[in-house]
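Peer 1: I'd like to ask some things about the structure below.
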Amino acid sequence: MTAITINEPGHPTLKHGKTGVLLVNLGTPEATDARSVRRYLAEFLSDRRVVDYPRLLWLPILYGIILNVRPAKTGRNYEKIWRKESNESPLRYFTRRQAELLSERIATDDLIIEWAMRYGLPSIADKLARLKELDCDRLLIFPLYPQYSGTTTGTVEDKVSDVLKAMSWNPALDFVQPFFDDPDYINALARSVDKASADNGQPEQIILSFHGLPVRYVRQGDPYEKHCQNTAASFRLKMGYSKDFAPIAYQSIFGSEKWLEPTTEGLLIKAAEAGTKHVAVIAPGFVADCIETLEEVGIGLSEIFKAKGGEKLTLIPCLNDSTDMIDLLETLVGREIGECLAVAAQAQPTA
């Protein structure tokens, strides 16, 4: 891969200051104790994009019940996967590594790579303040979600806008577009499956597990389900898989209303009861392993699958800090910056 430069040789009169690229993932508690987890969950579950119930109904439930019961249990689940050597969650570790490795590839004096979490630390506000201090006059925000949803990409866009407004700062602003069926992304997923199959044996079925979403959100216009289906279709086409061999499913269901189906747990139970012994699960909605992949699937759903008669659940790792992932980040960032420069060049007055 070639390095990205800001000033294109074909446009010697085009002047730019610094460009800041901000990778943003969902978020994570700072530690596994109940207080840290409670602080993180309070910010996450207070977001109207995530839970859109009327505040008079939702906030008493959140602060009166959920934040008194759930943090301790969630903290114990984090402890199972916590990276002791660096004292951070896997999501924080891999997001940080992605930014560091991308910076090694493409950063210059005029191109700065940073990373942030939508909820928790490091915050979007802190990192935008840093980019301002470094004299960036152009921002490229990269929500690390392949598929768009208002509950993920949408809330990153909202937060960035709110922070910039509060800072009275008006840099040129662009967002990396969802990459749910980008060929480089699909090819990277395919290579991760090939490697996992070589290491663990060929599974009898591969479940494509995406984070769940209430059906109501989709009916209101959220394109998330369609994006997930497009990812699955592109992946199957690349691998030559049928829908039966590589079905789509949804995990992390929360609350009592109807969510997208089928559920990952339901498909795993069905497979085990049908006599399937080895199932692999890939999570194409996550670019970094986290509590939803490592603990929920790799530990919790694996135990359920085995309890129902299955023998082996292979959790295919997310792209994480692999060369494929950094190649993908470089390609997508380079594409967006190149398009921005092309537009700016066209806007320059001719002599």
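Peer 1: Within the set of pairs 6 or more residues apart or between chains, which connect a residue that is over 10 Å from GLU295 (Cα atoms) inside segment 62-88 to a residue that is basic (Lys, Arg) and buried (at least 18 other Cβ atoms within 10 Å of the Cβ) with Cβ atoms less than 6 Å apart?
Peer 2: Here the result reads LEU67/ARG38; PRO71/ARG38, each pair linking segment 62-88 to a residue that is basic (Lys, Arg) and buried (at least 18 other Cβ atoms within 10 Å of the Cβ).
Peer 1: Continuing with this model, one more query. Output the residues belonging to segment 232-250 that are among the hydrophobic types (A, V, I, L, M, F, W, C) and either at pLDDT below 95 or assigned to a helix (DSSP H, G or I) (or both).
Peer 2: ALA232, ALA233, PHE235, LEU237, MET239
Peer 1: Also: Does any residue in segment 243-260 that is aliphatic (A, V, I, L, M) come within less than 7 Å, Cβ to Cβ, of a residue that is part of a loop (DSSP other than H, G, I, E, B) six or more places away or on a different chain, and which pairs are these?
Peer 2: Hits for this filter: ALA249/PRO262; ILE253/GLY212; LEU260/GLY212; LEU260/LEU213.
Peer 1: Please pick out the residue among PHE180, PHE210, PHE142 that is touching a Ser or Thr at 6+ places or on another chain (Cβ under 6 Å), crowded, with 16+ Cβ neighbours inside 10 Å and either of a type outside the set (Ser, Thr, Tyr) or assigned to a loop (DSSP other than H, G, I, E, B) (or both).
Peer 2: Every option except PHE180 fails the conditions.
Peer 1: Can you pull out the residues in segment 125-159 that are touching a residue at least 60 places away in the same chain (Cβ under 8 Å) and aliphatic (A, V, I, L, M)?
Peer 2: LEU128, LEU131, LEU134, LEU139, LEU140, ILE141, LEU144, VAL156
Peer 1: Return yes or no: is GLU261 under 23 Å from the mean Cα position of the chain (by Cα) and in a helix (DSSP H, G or I)?
Peer 2: Taking the combined requirement at face value, the residue does not satisfy it.
Peer 1: Okay, moving on. State yes or no: is GLY255 outside the structural domain of LEU144 (by TED's automatic domain parsing) and either farther than 18 Å from ILE316 by Cβ or of a type in the set (Lys, Arg) (or both)?
Peer 2: The answer is yes for GLY255.
Peer 1: Could you check segment 115-156 and list, in sequence order, the residues that are within 20 Å of the chain's Cα centre (by Cα) and farther than 20 Å from LEU91 by Cα?
Peer 2: Listed by number, the residues that qualify are LEU128, LEU139, LEU140, GLY150.
Peer 1: For GLU85, state whether it is outside any helix (DSSP H, G or I), over 30 Å from ASN170 (Cβ atoms) and either modelled with pLDDT of 95 or more or out of contact with any strand residue (DSSP E or B) (no Cβ under 6 Å at 6 or more places or on another chain) (or both).
Peer 2: Yes; evaluated as a whole, the condition is true for this residue.
Peer 1: Turning to a different aspect of this structure: Given (1) in the same structural domain as PHE286 (by TED's automatic domain parsing); (2) in contact with a strand residue (DSSP E or B) (Cβ under 6 Å, 6 or more places away or on another chain); (3) closer than 30 Å to LEU111 by Cβ, identify the lone condition not met by ARG191.
Peer 2: Unmet condition: (2).
Peer 1: Looking at segment 264-283, which of its residues are under 23 Å from the mean Cα position of the chain (by Cα) and assigned to a strand (DSSP E or B)?
Peer 2: ALA280, VAL281, ILE282
Peer 1: Are any residues in segment 114-124 more than 21 Å from GLU104 (Cα to Cα) and either free of Cβ contacts under 8 Å to residues at least 40 places away in the same chain or in a strand (DSSP E or B) (or both), and if so, which ones?
Peer 2: ARG118, TYR119, GLY120, SER123
The values are calculated or read from the model by the stated rules, or taken from the named source; none is laboratory data. In this text the structure is predicted, and so the values were computed from the model without any measurement. Heads up, the Cβs are rebuilt from the backbone with ideal geometry, glycines too, and the neighbour counts pull from every protein chain shown.
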